[in-house]
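The values are calculated or read from the model by the stated rules, or taken from the named source; none is laboratory data. Every value quoted in this text rests on a predicted model; they were computed, and no experiment measured them. All Cβ positions, even for glycine, are placed from backbone atoms using ideal geometry, and neighbour counts span all protein chains on display. Only protein heavy atoms, including side chains, enter the accessible area calculation; ligands, DNA and RNA are left aside. Shrake-Rupley method; radii C 1.70, N 1.55, O 1.52, S 1.80 Å.
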Amino acid sequence: MKRTQLPLYAIIDIETTGGQPAQDRITEIAIFIHDGHKITDKFHTLVNPQRPIPYFISNLTGITDDMVKDAPKFHEVAKEIVQFTEGKIFVAHNVRFDYSFVKKEFADLGYTYQRKTLCTVRLSRSLIPGLPSYSLGKLCKSIDIPLELRHRAIGDAEATAKLFDKLIKLNEKAVSGSEDVVSESQKALKNEVKTSLLPPNIKKEQVDALPDAPGVYYFHDEKGEVIYVGKSINIRKRIIQHFNIDYKSKKSIEFKNQIADITYELMGNELVALLFESDEIKRMKPYYNRQQRRSVFNTGIFVETDKNGYKRLSYGRINDEKIPLIALSNHYKAKGFLYHVIGKYQLCQKLCDLYKSSGSCFDYQVHQCKGACIGKESPESYNERVDKAIEAFSYEHENFVIIGKGREAGERSVIVVEHGRYLGFGFVDETFSASNLEDFKNGIKRYNDNKDIQQIIRQHMRTKNADKVIIF
């Protein structure tokens, strides 16, 4: 039976002062070389991190400040590490962690360290499915691999090398009917190298099956809980971009490793995807969408004309009787928004409900207000600037419908705005006909309106697009 030379593998484990490559340093590194058949060489050293090792890290690894004080600094062993791993595939259990730290240590020296990578967590899940845990300790116990010096680089690297050796043999056995066993094995391992950037729980076939279409996607953890919601005009391409990022921070690596499943909803076009994503994030409050999880928009900016003909902006709580120009999350944000508008359009503090006085507002006293508060500026002149301000943060039309591409041929999306408020969206087939706004309202599902939604629609209306807009 013909055997083909496999590439060389550098099986690596490190210990560090913490979990963040940007600020923590390596304290120990061990490398075992595997030629595709057996372990052929090894390298091991403690490393002086040039900073104290936290107590809880020493307690976990057993590596203390005294142990590393006379050890070589990373730059003193860097050349040896480069030469030892040159032309080899970088293998580790949860490879993103180890690879990120090694790359960062070299980057601090002004050197670009780059190797193909392979993750034994992913490879183990593929070749030994159904185990309760794929952590190195529990995995080795499940398949009878001795693991001495746990949480030391030399012990973990040796165990990972033995695990890798077993995985290669399992892979060869799985393709034993082939004319060229090792060639098939090599092909499988190369495929794993290409997909080593994927989260450990996600298979390449799962990503390959995602649609090249607009929609909203969800990352789930092992319990099925949604931990992240995103949108894209091409779901598969965007998710691949997520996974191709070389995450370096502990939090980013944790995020990637928690992804256990991917689901999605087709939306037909980018605008509907944006609207649905915003609503889903506020409804589900996924942990990794923290910056977008605001869900309460109960304060509005309103306009009314007083008995003297001046248009007055104000803020207050939204209710069924008062339709806002724009919705914000609270009174504090609303006041800040009005102060911004006043400064930009030279409006009056008093006429914007921010200065209580029977006379002039404070801005008039410092020559920032033109005197509408005391009747010095005419309503016509003042209202012209109010209208410009309103135009900047409201829709051009009060009642309109946006008709766009649907999720499949013969389908259209429908978005409805009534009295300046977003009502929601839906999908209708090409036989759907409507003669008034009520007909369109019957074809949608209701969703919440808020400042983020309004900004999405305004931005879309200002750009050139192929959507049809019907004004009522």
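Of the listed values (i) 59, 31, 17; (ii) 56, 34, 18; (iii) 33, 24, 22, grab the one calculated as semi-axes √(5λ) of the Cα gyration tensor in Å from the structure here.
Given (i) 59, 31, 17; (ii) 56, 34, 18; (iii) 33, 24, 22, the structure-derived one carries the label (i).
If I take every Cα pair under 8 Å that is 6 or more residues apart in the range 396-472, average their sequence separation and divide by the length, what percent do I get for the relative contact order? Could you put the intermediate results ahead of the total?
Values: 125 pairs, mean separation 26.5, N = 77.
Relative contact order of the range 396-472: 34 percent.
Based on the alpha-carbon gyration tensor of the range 373-455 and its eigenvalue square roots a ≥ b ≥ c, which shape applies: rounded if a/c is under 1.5, prolate if not and a/b is larger than b/c, or oblate? Show your work: numbers first, answer last.
Working: a/c = 3.50, a/b = 2.95, b/c = 1.19.
It is prolate, given that a/c is not under 1.5 and a/b is the larger ratio.
Which whole-Hz ³J(HN,Hα) couplings does the range 222-227 yield from phi under the Karplus relation 6.51 cos²θ - 1.76 cosθ + 1.60, θ = phi - 60°, glycine and proline marked x?
5, 8, x, 6, 6, 10
Roll a 1.4 Å probe over the protein heavy atoms and report the accessible area of VAL216 in Å², nearest 10.
Roughly 0 Å² of VAL216 is accessible to a 1.4 Å probe.
Under a 5 Å amide H to amide H cut-off, with H placed in plane at 1.01 Å, what residues pair with ASP261 once short-range neighbours are removed?
HN-HN under 5 Å from ASP261: HIS220.
Can you give me the long-range amide H partners of TYR447? Hydrogens built in the peptide plane at 1.01 Å from N, cutoff under 5 Å, separation of 5 or more residues or another chain.
Counting only residues 5 or more places away or on other chains, the set is GLY424, PHE425.
Distance in nm between label sites at PHE472 and GLU380, each 7 Å beyond Cα in the beta-carbon direction?
Distance between the two pseudo-spin positions: 3.5 nm.
Can you pull the one-decimal nm distance between simple spin-label points at ILE143 and SER252, each 7 Å off the Cα toward Cβ?
Calculated label separation equals 3.0 nm.
Testing the spin-label approximation: label points 7 Å from Cα along Cα→Cβ at VAL82 and LEU266. State their distance in nm.
5.1
Quick check: residue separation of THR40 and MET67 times 0.36 nm, minus the Cα distance between them. What number comes out in nm? Could the numbers behind the result be given before it?
On the way: separation 27, 0.36 × 27 = 9.72 nm, distance 2.81 nm.
Taking 0.36 nm per residue and subtracting the Cα distance, the gain is 6.9 nm.
For ASP212 and GLU430, what is the calculated FRET efficiency with R₀ set at 30 Å and r taken between the beta-carbons, to the nearest 0.05? Each step should come with its number before you reach the end.
Numbers: r = 23 Å, r/R0 = 0.76.
After rounding to 0.05, the efficiency reads 0.85.
Kindly identify the range 1-143 as rounded, prolate or oblate by the Cα gyration tensor criterion: order the square roots of the eigenvalues as a ≥ b ≥ c, call it rounded if a/c is under 1.5, otherwise compare a/b with b/c, prolate if a/b is larger, else oblate. The partial results should precede the final answer.
Details: a/c = 2.04, a/b = 1.34, b/c = 1.52.
Verdict is oblate for the range 1-143.
Taking amide H positions as placed in the peptide plane 1.01 Å from N, state which residues far from LYS73 in sequence (5 or more) or on other chains have amide H under 5 Å from it.
ASN48
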